[in-house]
Amino acid sequence: MNLIHALQDNTDPNSLVSRFRRARARRIVDLIQRIHARKGAVSIIDLGGEANYWTLFDRAFLDACKVRITLVNPGGIDETADPALFEIVDGDACDLPQYADHAFDLVHSNSVIEHVGDWARMEAFAASCRRLAPAYYVQTPYFWFPVEPHFSAPFFHWRSEQSRARALLKRSHGFSPRARDMGQAMRDVQHARLLDKGQFRFLYPDAVHHDEVVAGMTKSLIAVRAPTSH
């Protein structure tokens, strides 16, 4: 199995994707357990998340820890969400003034910050993560990993925007279909802006940073700020 196929295989429990997801889940389980031990319940705001993602976790565990999850997305629609577990919010994760500082116990974000827009928007998103809860978990793909996860092509994201747009005009790449015109091609190209370690650590200076590694190379970046002990 080549590297690209291994990274794309979401159904095989032994695939790289499945193994990474389980490892990420363990970090989040630890955060939930620590918060629950201190507070007896856990309120999570998932910025840009979807209800299906949380099927990674045993529902009995979430219920036992009295977890309640607020999903924030533009449009605020998720028909898969169980209202007993989720609250659906129509909102911009970069600007959530309706919530006070530390309104939640844990901020969660998985592969979202690379989609929010330019650097100013990324700073605003990171500020939301750091403000809305005393603890957070944020994951994003790493710029210097050779296979771009959205276009599933080696070295594709290291090319110029113009070159990538021309490539999308010729054929589909990964999750992006063949573009019908240059406008669509450029929108798809700019939809994902990957970060390097220096950028990610600047955005989350108060976190413990972890690398997800495959074949000796960092694939994804994770920032974790643990809950306080008091």
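Nothing in this text is a laboratory measurement; each read-out follows from the coordinates by a stated rule. Since the model is a prediction, treat every value here as computed from it, not as a measurement. With ideal geometry, Cβ positions are generated from the backbone for all residues, glycine too; neighbour counts draw on all protein chains shown.
For region 93-230, what percent of Cα pairs sit more than 26 Å apart?
The answer is 31 percent, as a whole percent.
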Which residue, Ser43, Ser128, Ser163, tops the fluctuation ranking in a GNM of the chain built on C-alpha contacts under 10 Å? Ser163
Label points 7 Å out from Cα along the Cβ direction at Leu56 and Leu169: separation in nm? 3.8
Figure the gain on full extension for Asp63 and Ala120 (residue separation times 0.36 nm, minus the Cα-Cα span) and round it to one decimal in nm. 16.8 nm
Please report, to two decimal places, log10 I(q)/I(0) for the chain at q = 0.10, 0.12, 0.15 Å⁻¹ as given by the Debye formula with identical point scatterers on the Cα atoms and no solvent. -0.48, -0.70, -1.09
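Between Ala41 and Asp90, what is 0.36 nm times their sequence separation minus the Cα-Cα distance? Round to one decimal in nm.
Values: separation 49, 0.36 × 49 = 17.64 nm, distance 2.41 nm.
Contour length minus the Cα-Cα distance gives 15.2 nm.
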For every helix of n ≥ 4 consecutive DSSP H residues, a contribution of -39,500 (n - 2.57) applies; sum these over the chain, divide by its total residues, and give [θ] at 222 nm rounded to the nearest 500 deg cm²/dmol. -10000 deg cm²/dmol
Below 17 Å, Cα to Cα, which aspartates and glutamates can Lys219 reach? Residues fewer than 8 away in the same chain don't count. Asp9, Glu114, Glu148, Asp196, Asp211
Helix axis angle, 119-132 relative to the chain longest principal axis, alpha carbon, degrees: 20
Rank Gly216, Gly76, Gly174 by mean-square fluctuation in a GNM of the chain with C-alpha springs under 10 angstrom and give only the top-ranked residue. Gly216
Diffing region 69-77: the Karplus 3J(HN,Hα) column from phi (6.51, -1.76, 1.60, θ = phi - 60°), in whole Hz with x for Gly and Pro, holds 10, 9, 9, 10, 8, x, x, x, 10
For region 95-147: rounded, prolate or oblate by the Cα gyration tensor [a/c cutoff 1.5]: oblate
Can you tell me how much longer the chain between Val214 and His102 gets when fully stretched, taken as 0.36 nm per residue apart minus their C-alpha distance, in nm with one decimal? 36.8 nm
Candidate lysines - alpha carbon under 23 Å from Lys39, same-chain residues fewer than 8 apart omitted: Lys66
Gaussian network model of the chain, Cα within-10 Å springs - most flexible of Leu203, Leu169, Leu194: Leu169
